[in-house]
Amino acid sequence: MKKSTKIIRSGRENNNYGGAVNPPVIHASTITTKNYKEYINIEKRKDPEMKYGRVGTTTTFALEESIRELEEGAKSLIFSSGLSAITSAILSSVKKNSHILVTDSVYYPTRRFCNTILKDLGIEVQYFDPLSGNKINNYIKNNTSMIFLESPGSLTFEMIDVPAITKIANTKHIKVLLDNTWATPLFYQPLKHGVDLSIHSATKYISGHSDVMLGIVTANNESAKSLEKTTLSLGVNAGPDDIYLGLRGLKTLEVRLKKHQESALIIAQWLKKQPEVSKVMYPALIDDPGYDIWKRDFDGASGLFGFTLKGKQNYNIENMMNSLNLFTMGASWGGFESLCIPTWPHKYRTENYKNTSESSFRVSVGLEDAYDLIKDLRVGLDNL
Ligand SMILES: *Cc1c(COP(=O)(O)O)cnc(C)c1O
């Protein structure tokens, strides 16, 4: 099956919702049993049989199974946010007194978790240049337990040569985790490239309407048990209404992403030609440093990219941002509405990061008309 078909069929093969196309939204804490015997054996139940609300209801299992099929993994689990998916996946992979490697381009709250909670627990956290490729070998120690990747990286959009890294990590039994939020399971399947755990903030494109917080982790065979064990102990479940919205969003992911991609390419190419702009960071652009890896490994690009303005100008950024009409400022991305925010990656990057203090921005291209969005950006640049 092609992915467009798979996305529609996924999670529905064994449905017994009385003919309804979608699963019911089951609100439950208590799941009662018929008798004593059923009660004492409740822990032995396997999905989609319910045990207790926190472990998931029919609604949860439908989304988990959909994502598992798309990622071609052994097990997917739903979390209350992208961040709880990330921190749970990390906690399921790190070992006592170990050393971990994290891409320097990682999403900032992931970095904060590593620098605070993990360091306090005695884990040695080391960042590496996302462009390291197989030079990752030089950083690996005897006690390295995990490598955390995000490709393309947050704010700066460097593409990581994932197969070059997993080739080394897999032979040394080092777990590789990858934040796959940007590409979604539609445009990249990390498990096929040797990654052990693929992570999504489903708050972004999968939900797609800026109204839900949701996270998902998909594990391969070797990592499924430890992920399930950790998750069971943490209690970071999502509510059924949010999960339902995630599932609803997923079904239209392909049509939305194709439009996000088409418009983002038009806008990125246009931005590149503007005299005020020094750089556009979008791996789908043919002259982007990450283009070759993106073309080799990914099936498409989403609508999120970065750009910088030429340095040493007397620009009024505040004026520019306030003059934008269609683009608004706000955290998160991947919704139907366009966003543009100023970013400051140099404030926390530590490894070989050359882009000093140029004005940097992140654009989430929404589903509006691309040329209306271009007009808006031009007004913004005129107000610099
Ligand atoms: C937003 C984001 C997250 C966190 O997701 P939440 O659902 O906001 O917790 C994780 N990774 C990336 C790359 C993100 O952009």
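The values are calculated or read from the model by the stated rules, or taken from the named source; none is laboratory data. Note that the coordinates shown come from a computational prediction; the quantities given were computed from them, not determined experimentally. Note: ideal-geometry Cβ built from the backbone for every residue, glycine included; neighbour counts use all protein chains shown. Surface areas here come from the heavy atoms of the whole protein model, side chains and all, with no ligands, DNA or RNA. Shrake-Rupley method; radii C 1.70, N 1.55, O 1.52, S 1.80 Å.
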Neighbourhood charge, 11 Å Cβ-Cβ cut-off, centred on Trp333 and excluding it, Lys, Arg +1 and Asp, Glu -1: +1
Simple spin-label estimate for Trp344 and Arg112 in nanometres, 7 Å along Cα-Cβ: 1.4
Per principal axis, descending, Cα span of segment 181-310 in whole Å: 54, 32, 27
For the chain, built as a Gaussian network whose Cα springs stay under 10 Å, the top-fluctuating residue of Glu124, Glu318, Glu38: Glu38
Of all accessible heavy-atom area on segment 86-149, the percent that carbon and sulfur account for (1.4 Å): 47
Kirkwood-type radius of segment 134-173, with distances r between different C-alpha atoms, in Å: 11.0
Aspartates and glutamates whose Cα lies under 18 Å from that of Lys375, excluding same-chain neighbours fewer than 8 positions away: Glu262, Glu276, Glu337
Most to least accessible of Leu245, Leu285 (protein chains only, probe 1.4 Å): Leu245, Leu285
For segment 294-384, Kirkwood radius (reciprocal of mean inverse C-alpha pair distance, Å): 14.5
Selected from Pro185, Pro24, Pro163 as most flexible by GNM, with the chain as the system and alpha-carbon contacts under 10 Å: Pro24
FRET efficiency estimate (nearest 0.05) - Cβ-Cβ, Leu367 to Gln313, R0 45 angstrom: 0.90
Accessible surface of segment 251-384, 1.4 Å probe, proportion on carbon and sulfur as whole %: 51
Under 25 Å from the Cα of Lys95 - lysines, other chains or at least 8 residues apart: Lys75, Lys119, Lys135, Lys141, Lys167, Lys172, Lys175, Lys192, Lys225, Lys229
Antiparallel %, DSSP beta bridges [both residues in the chain], to 5: 55
Fully extended contour minus Cα-Cα distance, from Ile8 to Lys251, at 0.36 nm per residue: 86.9 nm
Alpha carbon convex hull of segment 13-149, projected area averaged over orientations, nm²: 11.7
Formal net charge of residues neighbouring Lys375 (Cβ-Cβ distance under 11 Å; K, R +1; D, E -1): -4
Å² per residue, accessible surface of segment 1-116 at 1.4 Å: 52
The chain: most fluctuating residue of Pro345, Pro190, Pro275 per GNM, C-alpha cutoff 10 Å: Pro275
Whole-number percent relative contact order across segment 42-118, with pairs defined as alpha carbons under 8 Å at least 6 apart: 16
Sorted peptide list for 145-154, 126-135, criterion being average Cβ within 10 angstrom, highest first: 145-154, 126-135
With every protein chain in place, segment 151-234: carbon and sulfur % of accessible area (1.4 Å): 54
log₁₀ of I(q)/I(0) at q = 0.20, 0.21, 0.28, 0.31 Å⁻¹ - segment 271-325, Debye sum with one point per alpha carbon: -0.81, -0.86, -1.15, -1.27
Relative contact order of the chain, pairs being alpha-carbon contacts under 8 Å that are 6 or more residues apart, as %: 17
Globularity ratio of the chain, using Cα Rg and 2.2 N^0.38 Å: 1.02
Furthest towards positive pole of dipole, Met1, Thr33, Leu121, structure part segment 1-136, Cβ charges: Thr33
DSSP-assigned coil residues among trypsin sites (Lys or Arg not before Pro) in segment 202-308, each with at most 10 further Cβ atoms within 10 Å: Lys273
Cα convex hull volume per residue for segment 1-65 (Å³): 102
Estimated inter-spin distance, Lys192 and Asn352, nm [label 7 Å along Cα→Cβ]: 2.9
Å² of accessible area per residue within segment 242-283, as computed with a 1.4 Å probe and no ligands counted: 41
